[in-house]
Amino acid sequence: MKISEVAKLLDLPISTIRYYEKMGVLPDDLILRDKNKYRVYTLDSINYLRVLKAVLDAGFSISEVKNMISINGIS
């Protein structure tokens, strides 16, 4: 799925998804690239973004999420 489709599906601005990637809370290994170097989001990355959105909506900060990921890894 392209970033615009994911943004619409999850009700997130495209800029927010790119921000998560830039801040390191959306790991590069969850984002594939097509032959034109466009981002391609898989079901795993979409599910990860759903969880990330829920955690942030629950009141955790980006910093806290990064900390959790560095301690526990991604599962």
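The values are calculated or read from the model by the stated rules, or taken from the named source; none is laboratory data. Keep in mind that this is a model prediction, so the values were computed, not measured. Virtual Cβ from ideal backbone geometry, glycine too; neighbours counted across all protein chains shown.
Residues that are touching a residue at least 12 places away in the same chain (Cβ under 8 Å) and more than 14 Å from Ile69 (Cβ to Cβ) were ranked within the range 6-31; the one that is surrounded by the most Cβ atoms within 10 Å (Cβ to Cβ) is Ile17.
Taking the criterion of being at pLDDT 90 or above and not polar (S, T, N, Q), the residues of the range 15-25 that qualify are Ile17, Arg18, Tyr19, Tyr20, Glu21, Lys22.
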